[in-house]
Amino acid sequence: QVQLVESGGGLVQPGGSLRLSCAASESTFGISAVGWYRQAPGKQRELVAGITRGGSTNYQDYVKGRFAISRDNDKNTVYLQMNSLKPEDTAVYYCNSVPPQYRYWGRGTQVTVSS
């Protein structure tokens, strides 16, 4: 069974940066679109950014110009570079396929933006 492990979260001040990583246990992600999702307290989980196997990307409007998603198919790893972070970016961040599959949800990584 494919496992996904998110890492790289933490506490950062507004305007700071973080780089999240999502490592897959096998190469399933090599054949699918992958996305980063987030869930803030009291809110539904939402797709923030996605990337196809070929490298085409898409973003929610509220992260465009600040976040960048990338993938290394050889390493079965997907990244999310987050710059100019805002308090409203505080959430647990998850990776999954696009559309998501229940079996791929991991524990996520907490991102907290606060001064």
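The values are calculated or read from the model by the stated rules, or taken from the named source; none is laboratory data. The structure displayed is predicted, hence computed values, not measured ones. Using ideal geometry, Cβ is built from the backbone for each residue, glycine included, and neighbour counts are taken over all protein chains shown. Note: areas computed on protein heavy atoms with side chains; ligands, DNA, RNA excluded. Shrake-Rupley method; radii C 1.70, N 1.55, O 1.52, S 1.80 Å.
Points worth noting:
- Phi-based couplings in Hz for region 59-66 (Karplus 6.51, -1.76, 1.60; Gly and Pro marked x): 9, 5, 4, 6, 10, 4, x, 10
- Highest average packing first - 58-66, 77-85, Cβ atoms within 10 Å: 77-85, 58-66
- For Leu85, the residues whose amide H sits under 5 Å from its own are Gly15, Gly16, ignoring neighbours fewer than 5 places away on the same chain, with H placed 1.01 Å from N.
- Label positions at Glu88 and Gln1, each projected 7 Å from the Cα along the C-beta direction, are separated by 3.7 nm.
- Placing +1 on the Cβ of every Lys and Arg and -1 on the Cβ of every Asp and Glu, with nothing else charged, gives the chain a dipole about its Cα centre of roughly 80 debye.
- By accessible area, using a 1.4 Å probe on protein heavy atoms only, region 56-101 has 45% of its surface on carbon and sulfur.
- Under 5 Å between amide hydrogens, built in the peptide plane, is the criterion, and for Gly106 it picks out Cys95 among residues at least 5 positions away or on other chains.
- Between Ala40 and Thr52, the modelled label-to-label distance comes to 3.1 nm, taking each label 7 Å out from Cα in the direction of the beta carbon.
- Amide N proximity, region 66-82 versus Ser25 label position 7 Å along Cα-to-Cβ, cut-off under 18 Å: 75-78
- In plain terms, the chain from Gln81 to Tyr62 could stretch by 5.4 nm, reckoned as 0.36 nm per residue minus the Cα-Cα distance.
- Residue-span extension gain [Asp74 to Tyr102] - 0.36 nm each, minus C-alpha spacing: 7.7 nm
- Solvent-accessible area per residue, Å², over the chain with all protein chains present [probe radius 1.4 Å]: 54 Å²
- Applied to region 79-90, the Karplus parametrisation 6.51 cos²θ - 1.76 cosθ + 1.60 on θ = phi - 60° returns per-residue 3J(HN,Hα) values of 10, 9, 8, 10, 10, 6, 5, 10, x, 6, 7, 4 Hz, with x for Gly and Pro.
- Which of Gly10, Thr52, Ala33, positive extreme of dipole for region 1-88 (C-beta unit charges): Gly10
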